[in-house]
1. What quantity of accessible surface, computed with a 1.4 Å probe and excluding non-protein components, is buried in total between chains A and B, in Å² to the nearest 100?
2. Looking at segment A:102-132, which residues lose a minimum of 40 Å² of accessible area between their chain alone and all protein chains in place, measuring with a 1.4 Å probe and not counting ligands or nucleic acids?
3. Short version: which residues of segment B:237-275 lose at least 50 Å² of accessible area, all chains versus chain alone, 1.4 Å probe?
4. Can you pull the mean other chain C-beta count within 10 Å for peptide B:83-89?
5. With a cut-off of 8 Å between alpha carbons and a minimum separation of six or more residues, what is the relative contact order of segment B:90-273 in percent?
6. Among residues other than A:Ala172 whose Cβ falls under 14 Å from its Cβ, what is the net charge (Lys/Arg +1, Asp/Glu -1)?
7. Can you list the lysines whose alpha carbon is less than 22 Å from that of A:Lys479, not counting same-chain residues fewer than 8 positions off?
8. If Lys and Arg each add +1 and Asp and Glu each add -1, what is the summed charge of the other residues whose beta carbon sits under 12 Å from the beta carbon of A:Asp319?
Amino acid sequence: MLSGCASGSTTPAKTGDTAAIISTNGSEPQKPLITTNTTETGGGKIMTSIYAGLVSYDAKGEGKNEVAKSISADDAQHWTVTLNTGWKFTNGEAVTSKSFVDAWNYGAKFSNAQSASYFFDDIEGFSYDADTELTGLKVVDDSTFTVTLASPEADWPLRLGYTAFMPLPSVAFTDMAAFGENPIGNGPYMLAKTGAWEHNVKIDLKTNPDYKGVRTPANGGLSIVFYSSLDSAYADAQGGNLDVLDAVPDSAFATYQTDFPERFVNQPAAIFQAFNMPYYLEHWSGEEGKLRRAAISMAIDRKEITDVIFQGTRTPATDFTSPVIAGYSDALKGADVLKFNKEQAVKDWAAADAISPYTGTFDIAYNSDGGHAGWVDAVANSIKNTLGINAVGKPYATFKAALADRKAKALTGGTRAGWQGDYPSMYNFLAPLYQTGAGSNYEMYASTEFDTLLKEGAAAKSVDDATAKYQAAQEVLLKDLPSIPLWYSNVTGIWSDKVQNVVFGWDSVPLYNEITKG
Amino acid sequence: MLWYTGKRLLQMIPVFFGATFLIYFMVFSLPGDPIAALFGDRQPAPGVIEQLRVQYHLDQPFIVQYFIYIGGFFHGDLGTTYSGRAVSDVMAAAFPITARLALLALFFESVAGILVGLVAGLRKGKLFDASALVVSLLLISVPTFVIGFILQYVFAVKLGWARTTVSSEAPLSELILPAIVLASVSFAYIVRLTRASVSENLGADFVRTATAKGLSRRRVVTVHVLRNSLVPVVTFLGVDLGSLMVGAIVTEGIFNINGVGGTVYKAIKLGEGPTVVSFIAVMVVIFVLANLLVDLLYAALDPRIRYAK
């Protein structure tokens, strides 16, 4: 079992100038910086820097208690959380159990329309269509609160490092929109000044002197510069204006290792890429569908495409999660279907044709504003050359247009699909995408066997039991192939010769606090 | 003249309404739900999307949305972006920097373009003229982003003479390189326009007369040749100011400038009606004003052109 692939030393030498500001790339947050409303990566990396939750993740994606002293339950359903004392927000207010309970209640409340509301849906009292109190949350005293879940979940604490579960100071609730412009947190960093967030330009952070968690900064602060294109960020890194870049643009895939010798990283990240075949299409359900899905999957030469199109910046998939997630396995039963196998692919396709002959073209929908054309064409070509059918890519001008057809169940073939983990757990890669009726299950996969295993995994008393169930659930997926796994996106990062100790976390974001400069 | 100017300004009113209506309609007609698309692969609860749609009036029919926008416009409220910022704030951030960039580019292309074009026209067929033609042909045929990346790589990354991207303060010195990139294509057109115009005027009767009167060559060239050759160039510059402002999108991307082009592009992709329309409305006004200025300049350059009452 492989739980992580992070490189670099585990105990970085704390040398360098402790006042140095590290500049790094980012993108303009889509919304005011509110813990329960920031679900995209641009705002996410700022939030994890300025907030400390009950738990934080290390480079391998393992949760370490931060504000929490302990999180425990006998039955995986009734949790008791005790807090370390002495934590403060940067405005001086103490971090108490109320800071957590109020923030979670705010995030879950229907009329607040928070993007991350669904993260609270397993806490007792949650409602998707009315304003209700989270009755499962009870403040015992300043440093203790209890959480009652609607059903047992062994890996529930694992998600508590996600942005949505951060505490909020009481001042936030008086005017949340204004608070989101100048958020006050309790993390290793804080806003350099009021108005440090220059929209569309950058946000400056300085170290928080009152911070007392496990991520104490070895530098003086961060300047997160927002780039509209990675190409200009790369040029800035080359020109010495940017210290750390956490994503290399496609145009530099061939050169970044020589441009930044010894100062790059290329390792699998918690990003799963696939294409889905809708169940509402003729030929793609039942026994015939199973055969066709397997045939298509085995017709794709993943290794060659990741090497040629992506220059090794993708890793061929062997499951439905990611190598950085605990419980990942490259030896699941039935994973052979993800290997290029021309003979078997042709055989399965012919067997499906014997049930009902396939006519016409086979297309894969994608949004052409996302840089997907290259690999979609390569996948289509691979299928075409192997099976002898007319396979093509079907471009949509925008993500919005493609999503509309997915939601309306109006696809004529496959569709690009991707998932980036919110928190390092297998459940997060499986439940939202493949559970019957789940939010992002647009292609209408429905399997009671999968649903049962997922539920059993969630309710398991130990993490090991849960992992076994989740792996079994994935073996069901490998048989049914609602989604054809392609590869995991790698995190490709580079840094200048002015900085040291650059280690990337499970979420493709550098562990900023460990970076030293000078 | 005053009456003419007033009439032209009044024409802006129907142009403004027509343009905003059409553009709003086009943004409205883009396929897909803009709110759902904001969230990418991680969709929130359906109730959340529904409430946001109501908040941005996206549940209303087109005509209602348009009048909500126009109503707000007359109260000085241009609406909000999907990130919750006032559109007026976004405009206040984007326009000044783009205006500086565009004016700087306009300055470079007009000064350098007219100078090179003039010399080339005076020395038609000589080495300088031939080189000017080759260079301008190159600039016209090579896409801006190629020129941009090459100049950025050579001057900023390799030589270190300029900053690779424009920093948040955007001082004029950092805008020089982007302005040159932005000006490059128009510079080439101006060289060719001026050259053709100059060489044509050199053979005109009034130039021969001026030379015959015994005027110095300098005076003939500056007063008689150049002034008369500038009419087509000024027309081009007027239209170009508008395209420099909206068309800077490629240059802005390369040098990471948070300007008008990039903002409008992003807003169109998001389907953010109020942002797109507000920006375009200002662009329309700039276009109309620039054209008016050009027409008035005609009269100054060529006394034969007078605007009747």
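1. On the way: alone 20570 and 16700 Å², together 33820 Å².
Buried area between the two chains comes out at roughly 3500 Å².
2. Checking the loss per residue gives A:Phe110, A:Ala113, A:Tyr118.
3. Listed by number, the residues meeting the 50 Å² cut-off are B:Asn256, B:Asn258, B:Lys269.
4. Details: counts 8, 8, 6, 0, 0, 0, 1.
Neighbouring Cβ atoms belonging to other protein chains average 3 per residue here.
5. Over segment B:90-273, the number comes to 34 percent.
6. -2
7. Partners within reach: A:Lys290, A:Lys303, A:Lys333, A:Lys339, A:Lys342, A:Lys347, A:Lys455, A:Lys469.
8. Working: positive: A:Lys333; negative: A:Asp330, A:Glu475.
Summing Lys and Arg as +1 and Asp and Glu as -1 gives -1.
The values are calculated or read from the model by the stated rules, or taken from the named source; none is laboratory data. Note that the coordinates shown come from a computational prediction; the quantities given were computed from them, not determined experimentally. Cβ coordinates were reconstructed from backbone atoms using ideal geometry, including for glycine residues, and neighbour counts include every protein chain displayed. The area values use the complete protein model at the heavy-atom level, side chains included, leaving out ligands, DNA and RNA. Shrake-Rupley method; radii C 1.70, N 1.55, O 1.52, S 1.80 Å.
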